[in-house]
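Chemist: Next up is a structure, given as C-alpha cells.
The values are calculated or read from the model by the stated rules, or taken from the named source; none is laboratory data. Since we're looking at a predicted model, the values are computed, not measured. Because the Cβ atoms are built from the backbone with ideal geometry, glycine has one as well, and the counts that use them run over all protein chains shown. With ligands, DNA and RNA removed, areas are computed over all heavy atoms of the protein, side chains included. Shrake-Rupley method; radii C 1.70, N 1.55, O 1.52, S 1.80 Å.
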Amino acid sequence: MARHLITSALPYINGIKHLGNLVGSQLPADLYARYLRARGNEVMFICATDEHGTPAELAAAKTGEPVAEYCARMHGVQTALAKGFGLSFDHYGRSSSDRNRALTQHFAGKLADNGYIREVSEKQVYSIDDGRFLPDRYIEGTCPNCGYDKARGDQCENCTKQLDPTDLIEPRSAISGSTNLEVRETKHLYLRQSALKEQIAEWIDSKTDWPILTTSIAKKWLNDGDGLRDRGITRDLNWGIPVKHGEDDWPGMEGKVFYVWFDAPIEYIGATAEWADAHGRPDADWRRWWRKDEGAEDVTYTQFMGKDNVPFHTLSFPATQLGSGEPWKMVDYIKSFNYLTYDGGQFSTSQGRGVFMDHALELLPADYWRWWLLSHAPESGDSEFTWENFQQSVNKDLADVLGNFVSRITKFCRSKFGEAVPEGGAYGEAEETLIEALNTRIRAYETAMSRMEIRKSAAELRGIWVLGNEYLQNAAPWSTFKTDPDTAAMQVRLGLNLIRLYAILSAPFIPFAADSMLQAMQTDNRDWPDDVKAALNMLPAGHAFTVPDVLFAKITDDQRSEWQERFQGVRS
C-alpha cells in the first residue's frame, strides 16, 4: 500500500468561489484522491481556507463583522459547499489556526538562523485617515498611460501597464477613498530566495516528469530578467500571523504580520496537524506525512493548482522548506491547470459573471458539474464553459449513455424476472468479446488516472460506459427473451453486474450517482475490478436489487436559456 499526500491550492476566504476556481485545483485533486483510495492506497488529502491579508479585512468591513468572525463564518460556508460537491478532504483547515501560526513563526526563525532573512527599509504609501500603510493594490487613481480612473497602484487593469503607486494621477485609498496620503519609511523582512537559487534550480531540474506548464512557469520566474528575487514576507497589517522568531519576539517587527503568501503554503502542514488534533491523534501521526526523518521518506506528494499559483509552489514555498535546513517532505509532482473561461469571456467574482459554487448546487446535483468540469479540464490550454456545451455533454454522456443503460437493464429485469438477479444461461462469444474490450479500456483508464490525465481519464470512462450500451443494444435481451429466456437471463445478469462495475469505476468522477447505483444493486462491495470476468460475477443469481430513480435528468432547452440569461452578469 503506497502513501500519497495530496494538497489542493487554498481558496481565499473572501467569498464563494466560481466553477473556474473549483476545476483549477480542488476538484481534480479530489478525483485523484478518490481514485488512489479506491486502488487501496493510504491517502492524506488536505486543503484549507486562506484567511490572511487585506482582502479579508475589506470583505469583513463590507459586512460589518470583525475579521476573525467573518473568516470563521466563511470557512463554514466554504466547508459546506465543498461537502456539497463531494470533495473528500481528510481535513479542510484554516490558515489562521494556532497550528499554522506556530509553524509559520518556526519556519521564519529557522530561515533567519540560517542567514536567509534580511531586513529592508522601504518607502510605502501611508493613509493618514485610514491610519495604515496601503498595499499597492489598495491605492487607486488615474492611469498615466491610458487615463483609466480606477487603475491600481501595481497595475492598470484596462491597459495592463505595470505601475508604482507614485505613478498614479490623483491617488486615493481604495479602502476609504481618502486622498490624504503620504510616503513613509517602514522596515520589512525579506526571504533571500536569490541565495537559494542554485538549490531550487537543481531541485526543479530533477523533476523531469512535471507538466510543461508547471516547469515553464517555474523556470521563467527563476531565470528571466534579474532572475529569482528576494521576496518580502512581512506586511504592515492588523490581520495575520504576528512576526516572531520562533517563539521569541522579533525586535523592530512589532505590530507587523507575515505576508499571506508566506504563511498560506505552510498551512498544508498546519492543516495536517489540525487533522491530527481533530481526531485526537499524537503529533507523530501528522509528522509521518511531512518529516522525512519521521516516516515521510516513502510519501509521494502531489499538489494541484491553477497556473497563477505555480511560482509560489515551485519557488517560494520550496525556498522556505530548503532554507529551514530541516528534512521536510517537498512536492514530487505539481499538476497545474490553465483557466476556465465563461461563455466568451472571463469568470468574474467582482462582476458576478459566471456560475458560482452555491448557485451551481441550487440548479443541479453536484455530479452534473463534476462530470462536465473534469471532462473539460483546462489541461493543455484554456477551456471555455458554454451552456450549449454543458447541456450537450450532460445529456449525451450522463443521461443517454450511463443513465439510460442503468434504467433499461433494471426495468427490463423487473418486468421479466422480478427484482433479483436472474439465473440461467452461459457466456457466449459476445460476452467474451465484451470482457476483453472492457479489460483493455479499464487498464487504459487506470493508466490515464495514475498519470493525472484528467480529460483522457474521462474519455476512457465514457468509452467503458459505451461498451455496455453497445452490448445491450446488440444482445437485445427483450428480443432474446421471447425465444430463449435462459440466454436473456444471462444477458441481464451481466448487465446488472455491469452497473456495479460502472459504479466503482465512475465513483471518482460522479460519487453521488455511484453511491445510488451501488445502493440500487444492494451491495457495499467496492472492490476494484482487477479481474474483469470475476468482477462481472460479484452479484450472483438470486441477489436482490431495486430499480433506481432516474440517475440523470436531461437539461431542457428552456432551462439552458434561462440559466444563460441569469448568469451573464451580476450575482443575485
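Chemist: Quick one: P(r) of segment 161-210 from all Cα-Cα pairs, 10 Å bins, percents rounded to integers, in order of increasing distance.
Modeler: Percent of pairs per bin, in order: 17, 25, 21, 20, 17, 1.
Chemist: Cysteines without a disulfide-compatible partner in the chain, using Cβ under 4.7 Å as the rule?
Modeler: CYS47, CYS71, CYS413
Chemist: A 18 angstrom limit on the alpha carbon distance is what I want to check against. Which of LYS123/LYS197; LYS123/LYS256; LYS219/LYS329; LYS244/LYS329; LYS219/LYS292; LYS416/LYS482 exceed it?
Modeler: In this structure, LYS123/LYS197; LYS219/LYS329; LYS244/LYS329; LYS219/LYS292 lie more than 18 Å apart at Cα.
Chemist: Computed over the Cα atoms of segment 289-336, what is the convex hull's projected area averaged over all directions, in nm²?
Modeler: 3.2 nm²
Chemist: For the chain, what size does the Cα cloud have along each of its three principal axes, sorted from largest down, in whole Å?
Modeler: Ordered largest first, the chain gives principal extents of 92, 55, 42 Å.
Chemist: For the chain, report the accessible area per residue in Å² (1.4 Å probe, heavy atoms, rounded to an integer).
Modeler: That works out to 42 Å² for each residue.
Chemist: While we're on this one: Can you give the Rg/Rh ratio of segment 517-569, where Rg is from the C-alpha atoms and Rh is the Kirkwood radius?
Modeler: 1.29
Chemist: Under the Karplus relation 6.51 cos²θ - 1.76 cosθ + 1.60, θ = phi - 60°, what is the ordered set of whole-Hz ³J(HN,Hα) values for segment 292-302, x standing for Gly and Pro?
Modeler: 5, 8, 10, x, 8, 5, 9, 8, 9, 10, 10
Chemist: May I pose another question? Over segment 344-392, with a single point scatterer placed on each C-alpha, what log10 of the ratio I(q)/I(0) does the Debye formula yield at q = 0.17 1/Å?
Modeler: Debye output, listed in q order: -0.56.
Chemist: Here's another thing I want to ask about it. What does the helix-only formula give at 222 nm for the chain: each DSSP H stretch with n ≥ 4 adding -39500 (n - 2.57), the total divided by the residues, and the result rounded to the nearest 500 deg cm²/dmol?
Modeler: -13500 deg cm²/dmol
Chemist: Stokes-Einstein at 10 °C, 1.306 mPa s, Kirkwood radius from Cα pairs: D for segment 450-501 in µm² s⁻¹?
Modeler: Result for D is 128 µm²/s.
Chemist: How large is Rg/Rh for segment 122-170, to two decimals, with Cα atoms and a Kirkwood Rh?
Modeler: Radius of gyration over Kirkwood radius for segment 122-170 works out to 0.98.
Chemist: Eigenvalues of the Cα gyration tensor times 5, then square-rooted: what semi-axes does that give for segment 161-304, in whole angstrom, largest first?
Modeler: Largest first, segment 161-304 gives 34, 25, 15 Å.
Chemist: Same structure, new question: Regarding segment 474-572, what are the three Cα extents along the principal axes, ordered largest first, in Å?
Modeler: 59, 34, 21
Chemist: Further question on the same structure: To one decimal place, what Kirkwood hydrodynamic radius in Å is obtained for segment 270-349 from all pairs of distinct Cα atoms?
Modeler: Roughly 14.8 Å, rounded to one decimal.
Chemist: Once you treat every alpha carbon in segment 243-401 as an equal point and sum by Debye, what is log10 I(q)/I(0) at q = 0.13, 0.17 Å⁻¹?
Modeler: Each listed q corresponds, in turn, to -0.88, -1.12.
Chemist: For LYS219, what accessible surface area do you get with a 1.4 Å probe? Give it in Å², rounded to 10.
Modeler: 80 Å²
Chemist: Would you mind telling me the share, in percent, of accessible area of the chain contributed by carbon and sulfur at probe 1.4 angstrom?
Modeler: 45 percent
Chemist: Could you give the Stokes-Einstein D for segment 233-302 in µm² per second, using the C-alpha Kirkwood radius, 4 °C, 1.567 mPa s?
Modeler: So the translational diffusion coefficient is about 93 µm²/s.
Chemist: I want the local charge near THR234. Using Cβ-Cβ distances under 9 Å, sum +1 for each Lys or Arg and -1 for each Asp or Glu among the other residues.
Modeler: Computed value for this residue: +2.
Chemist: Right, something else. If segment 322-459 were replaced by its equivalent ellipsoid, with semi-axes equal to the square roots of 5 times the Cα gyration tensor eigenvalues, what would those be, largest first, whole Å?
Modeler: They are 38, 25, 15 Å, listed from largest to smallest.
Chemist: Can you give the alpha-carbon Rg of segment 26-142 over 2.2 N^0.38 Å, where N counts its residues?
Modeler: Ratio of Rg to 2.2 N^0.38 Å for segment 26-142: 1.44.
Chemist: Moving to a separate point now. So how long is each side of segment 365-424 along the principal axes, counting just the alpha-carbon atoms, biggest first, in Å?
Modeler: 51, 20, 18
Chemist: Per q in 0.13, 0.16 1/Å, what log10 I(q)/I(0) does a Debye calculation on the alpha-carbon atoms of segment 97-231 return?
Modeler: Log-scaled intensity ratios, in q order: -0.83, -1.04.
Chemist: Order 325-334, 403-412 from most to least packed using the mean count of other Cβ atoms within 10 Å.
Modeler: Highest mean packing first, the order is 403-412, 325-334.
Chemist: Still on this structure: Starting from the Cα coordinates of segment 395-507, work out the convex hull volume and express it per residue in Å³.
Modeler: 95 Å³
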